[in-house]
Each structure stands twice: as C-alpha cells, then as structure tokens.
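Taking it in order: structure first as structure tokens, then the write-up.
The values are calculated or read from the model by the stated rules, or taken from the named source; none is laboratory data. Just so it is clear, the structure is predicted and the values come from calculations on it, not from any experiment. All Cβ positions, glycine included, derive from the backbone under ideal geometry; neighbour counts span all protein chains shown.
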Amino acid sequence: MRQIILDTETTGLDPNQGHRIIEVAAVEMVNRRLTGNHLHRYVNPERDIDAGAMQVHGITPEFLQDKPRFAGIAQEFVDFIQGAELIIHNAPFDVGFLNMELRLLDMAPLPTWCGGVTDTLAMAKALHPGQRNNLDALCKRYGVDNAARTLHGALLDCELLAAVYLALTRGQESLSIGLETRSAEAGQAAARTRPRPVLLQASAEELVAHASLLEAIAKESKGACLWGGEQVAI
C-alpha cells in the first residue's frame, strides 16, 4: 500500500481570497515504512505573504523570488502523488489550496490524481475528543521528538506527521496481529489435543475365529455366502 504524507505552507488562510501555496512537501510510505523518496518544492506565489503566516513558517517573499511558480512544479507534483492515499493533517485546508492551484492551471482537481485523502486531525479528534490535537500536541502525546520544529516547515512537518500517523493507527495493526497470533495458537493447540486415529490389528486367534465364522455362514447358506470363496491369511 502506497501512502503519501503531505503538507503545504501558504501566504495566508483562505485560497478564495487569493492566497497561494509557497511550499509543498510529500513523503512516500509503502506498507507503513518510509521509503526515503520525497518531493519538496518552494513556490513563488507572485503576491505578498501575510505577516501572521510569516510568523508561523518564517518564509519571506525575498526567499521565494527565484523559486518556480506552481505551474512549474504542478506536473511533477501530480505524478508523484499519482494513485496514492494522501495523509494530511487538517486535510480540508491543504486540499482547498491545492485544488485552487490546479484549477488556475485548468488541471483536474486533487481527487483525480490520488487514491483518497485521510485527515489525521479528524482521526485524532475521534480518538482524543476535547483535547488539543494539533501536530505539536500529538507529537508530545505519542512521544515523537519535535524539538527541531521551531517554525512550521512542510518537509519537517511531513516527517513528524508520518510518525504520528503510525502511532495513531498502531492499535489497529496490533489488534490484527493479535488476532492472527491467537488464531494460529488456537490451531496449534487444537492439533496437539485432537485424538489421533488408532489402527487395531487382529491377532492370529481372531483371524482363525473369523475364518471359522465365514465357513459356518457359507455352510448354512448353502454356498450363497458372499465371502465363501475368500481365503483368510493367518
């Protein structure tokens, strides 16, 4: 199973107000193991960045001046996520921005390219209702080291989210493994306790008695006995 842990950073909070993506990262995981394969790109949004957003991620317009526009990375991005399940924290936010960027390029929306989206924020809220479930809180709850996260950054956040996602879903994996183990153990126990068939061999005396019985039956039936012509080995 191929999954992509995905995150973006943006110029602000609302794509419908003209805000744009300035950083996108995607980290590949196959069968619950990180492969080391990832995509990480900075993007020139061709607009200002809100002061509040800059305080969160620390990315400045000056840093992005020589970076490609989203149009320059769009095909590379959709090729990388093709067919994979996307794992995103607060998925509606990132999906909204990505769909807006794709729409501006007359490209199909995100669901066309990926194999579905899983929102880890929704998962965390279901597991821990009434508690803080942002990425920092989840890292603390599950013992994931986030000391390097002084600012938000798409690639680092993807790596942290991968560890959090594995922790969030580990109970399901353990349950499956537990059931398989118990089933195997039960099968082995049944095999050990199941009675084995016992083959009893007739003794020489029993074979002689059997032969005598057949002769008597044959005599009484005047030769109509089905076993009349048989020889019994002793």
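Could you tell me which of the residues Gly12, Gly72 is of a type outside the set (Phe, Trp, Tyr) and within 30 Å of Leu166 (Cα to Cα)?
The unique qualifying residue is Gly12.
Given the options Leu86, Leu102, name the one that is in contact (Cβ under 8 Å) with a residue 40 or more places away in the chain, within 22 Å of His19 (Cβ to Cβ) and not β-branched (Val, Ile, Thr).
The unique qualifying residue is Leu86.
Of everything in the stretch 37-94, what is under 30 Å from the mean Cα position of the chain (by Cα) and at positive phi? Give them in sequence order.
Gly83, Asn90
Could you grab me the full set of residues in the stretch 39-83 that are part of a helix (DSSP H, G or I), more than 21 Å from Ala108 (Cα to Cα) and among the β-branched types (Val, Ile, Thr)?
Val56
Output the residues belonging to the stretch 147-162 that are under 14 Å from Asn134 (Cβ atoms) and free of Cβ contacts under 8 Å to residues at least 40 places away in the same chain.
Arg149, Leu160, listed by residue number.
Matching residues to (1) surrounded by fewer than 19 Cβ atoms within 10 Å (Cβ to Cβ); (2) farther than 20 Å from Gly96 by Cβ; (3) among the β-branched types (Val, Ile, Thr):
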residue	(1), (2), (3)
Gln3	no, yes, no
Leu6	no, no, no
Glu9	no, no, no
Leu13	yes, no, no
His19	no, no, no
Ala26	no, no, no
Val30	yes, yes, yes
Thr35	yes, yes, yes
His40	yes, yes, no
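Scan the stretch 1-17 for residues that are under 13 Å from Val95 (Cα atoms) and part of a loop (DSSP other than H, G, I, E, B) and jot them down.
Correct list: Leu13, Asp14.
Applying the selection to the stretch 105-133, what residues are surrounded by 12 or more Cβ atoms within 10 Å (Cβ to Cβ) and among the polar types (S, T, N, Q)?
Matches in the stretch 105-133: Thr118, Thr120, Asn133.
Could you please give the count of residues in the stretch 94-141 that are among the aliphatic types (A, V, I, L, M), closer than 18 Å to Ala74 by Cβ and assigned to a helix (DSSP H, G or I)?
Residues flagged as among the aliphatic types (A, V, I, L, M), closer than 18 Å to Ala74 by Cβ and assigned to a helix (DSSP H, G or I) within the stretch 94-141 amount to 6.
List the pairs whose first member sits in the stretch 163-178 and is part of a helix (DSSP H, G or I) and modelled with pLDDT of 50 or more, whose second member is of a type in the set (D, E, K, R) and surrounded by fewer than 17 Cβ atoms within 10 Å (Cβ to Cβ), and whose Cβ atoms are under 7 Å apart, counting only residues at least 6 apart or on separate chains?
Within 7 Å, the pairs are Leu166/Arg32.
Identify the single condition in (1) in a helix (DSSP H, G or I); (2) surrounded by 19 or more Cβ atoms within 10 Å (Cβ to Cβ) that Leu86 does not satisfy, given that it satisfies every other one.
(1)
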